Structure formats: C-alpha cells, structure tokens
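Report on the structure given below.
The values are calculated or read from the model by the stated rules, or taken from the named source; none is laboratory data. Given the structure is predicted, the values throughout are model-derived calculations rather than measurements. Positions of Cβ are backbone-derived with ideal geometry, glycine not excepted, and every protein chain shown enters the neighbour counts. When the accessible area is computed, the model is the full protein with side chains, heavy atoms only, and any ligands, DNA or RNA have been set aside. Shrake-Rupley method; radii C 1.70, N 1.55, O 1.52, S 1.80 Å.
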Amino acid sequence: MTRQEKRRQESRFPPVLFATYLGVLLLMSGVHVGLITLINEQGVHWPDFVQILIPSAYWTLVAAGLTLFTRCQITKTYDKPMKELAKAASQVARGDFSVYIPPLHTPNRYDYLDQMILDFDQMVAELGSIETMRTDFVANVSHEIKTPLAAIQNYAQLLQSPRLPPEDQQAYVSAIIDSTHRLSTLVSNILRLNKLESQRLTPQVRPYDLCRQLSDCALGFEAVWEEKDIAFDVELEDRAVIEADADLMALVWNNLLSNAFKFTEPGGRVALRQVSDGSGVTVSVSDTGCGIPEETQKHIFDKFYQGDTSHATEGNGLGLALARRVLQLSGGEITVDSQVGKGTTFSVFLPARAAENL
C-alpha cells in the first residue's frame, strides 16, 4: 500500500477532526469552571437546585450542539454519498448504464470514498460498453445467420418446381451448398473467437517452420489466383522457426491471403513477404485492390465489420477480429497500411521471444 493510498483511506477521519472535538470539550470545560466561579463570587447564595440546573442546562446545550454537528458531518460525509451510490447501483441493476456520480472532492483532495465512486463510474461505463457490444453482437449474428438461411430456403423452394431444368437444378444445389458452407464457417468462427476471447482455448505452443507453413497456405489459393489471372509474388527465407500454435497461426495467414485475393481485381498483383531480424519475424501480405478508407481502417478489426459491402456475401466480418485475437495470444501484433485505389498491406510481427532463425 502506497503512502498516498493510505492517506486516502484515512482521510475520512482526519486527526484534525478529533483534535477539534477535544479542543471544544476542553473549552467548554473551561467555560463551565468559569461559570461556577462566577456564581460563587457573586456572594449570593443560590438555591441548590439552581446550582445544579445551570451546569446541567449548559452541558445539555453543549451535548446537543456536538450531536447536531456530528450528525451533520455524518450526513454530509457518509449518509448522502452512500445513498446516492445505493440509488445509482439500483439503477444499474435495472439495466440503466447511463449513471454517473461526480466525485466529492477535486482530484488533489480525493479520498478513498472518491476513489470508490470513480471505480463505480468506470465499472458502469465498462458494463455499458459490454452491453452495447453484446447487443450489437446478437444483432450481427442474427443478421449473418439469417442471410444464408434465407438463401437456402429460397433455393430449396425453387428446387420443388417439377419442370426445373437440370442445369438450374444443379445451380440451385450448388448455391445451397455454398450457403451451408458459409453458415458452417460463421458458426465455427464465432465459437473459435468466443473460446479465444474467454481464454478457454489455450494455444498449443511448439516450434515449427513458418516458411513451410506460409508456402502451404499460399498453395491453397492457387486455383484462385489462376482463375483471376493474379500475379502472385512470394519472397520467403529458406527457413524460419517460430514458437506458436501452428493451427491458430494458419487462420491468420489464410485470412490475410483470402482477403488479398478477394479484393484484388483480375489481372492485379498480390505479394507475400517474410523477413527476420534480431527483434523478430515480419510477414506482410500486399495487394493492388481497391484499398481501405482511413475511417474504415479504424474498425476493420471489429467483429462483423465489413468496410466493402460489395464483397459481403464472401465473408462474415470475423476473419480479421479472429486474426488479431490469435496474434494477441501469441504476443504478436498486426497493422494495416492502405491507400484507396492503390492497395493494402497487412503486416504481422512476432517478437524475438516467439521467433528464432535457424
């Protein structure tokens, strides 16, 4: 416990308050002695009940004054703030996350009750943020699931037509299969991302050759770049061993390569580069696609966010969020550099403790 924290905790009952009480009582005792002395010096014989009544009335007034002062201090210091805190907590319990309680003092005079109020305000703000995220998540999931289900339903109804040509039948069956694949991918990504965020999925860290993994992931898109006549440039070291979860890292590379080929027009260019140095290993995926506006770049790692709605049917907006979470668990980071109309580069960096050149 720091000295400042100790002072904050004790500042609700500062020593000066007790010193004030002691000084008042000593002063009142002196007044009492002076009052008795004054009565005796008058030379008048006061009845016994009067001599008893005057000091009693005096100390009654003193006790009443101290009691009222103490009550005011308790009300001001504790009763009123705690009632406000209890009222605010009740509002939060009913789902109102717009509650805010101002601190009792200025920052240079904060005590532990001020700190408790600040912590409460921060907790409410975070709960409100979580509630907003939860609502958005449910709405986005519902929308993403509803889209392929609606497509499956529509194509299934079309397949019921008795005079449907065989070529249309095959096209509708293919569309249903594509929709079910998209739905399956969505559910798998949601479950995987949920496990990663709740830390119920522990990365299985082991050393493996990153260059080999990048080559295998790139070859998985060979049909895509050949179909779109995309020039694919690859610059990899002969071997670079990293310590990470190979299966989770494959999600990162496949997502970045998939986005690069998806947003690159036919005849464009995609580049995959990997370099190592003393600080770690860097992998970059560049394309000559449409680029990402600056405002969109601020949200591309948010769940379900899709900046380019023209490709919305080809994804669900979870890939980059999933990739970032995997890299966070691996101690790495991902950045984006993009210009509208010129292309985009995603760079992944893994620090030296997770990467080793052999």
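Between S215 and C72, take the C-beta separation as r, use R0 = 56 Å, and let me know the FRET efficiency to the nearest 0.05.
The pair S215/C72 has a calculated efficiency of 0.10.
Which FRET efficiency value, to the nearest 0.05, do you get for E243 and D168 by plugging their Cβ-Cβ distance into 1/(1 + (r/R0)^6) with R0 = 51 Å?
0.45
Not counting ligands, DNA or RNA, and with a 1.4 Å probe, what is M28's accessible surface area in Å² rounded to the nearest 10?
That residue has around 40 Å² of solvent-accessible surface.
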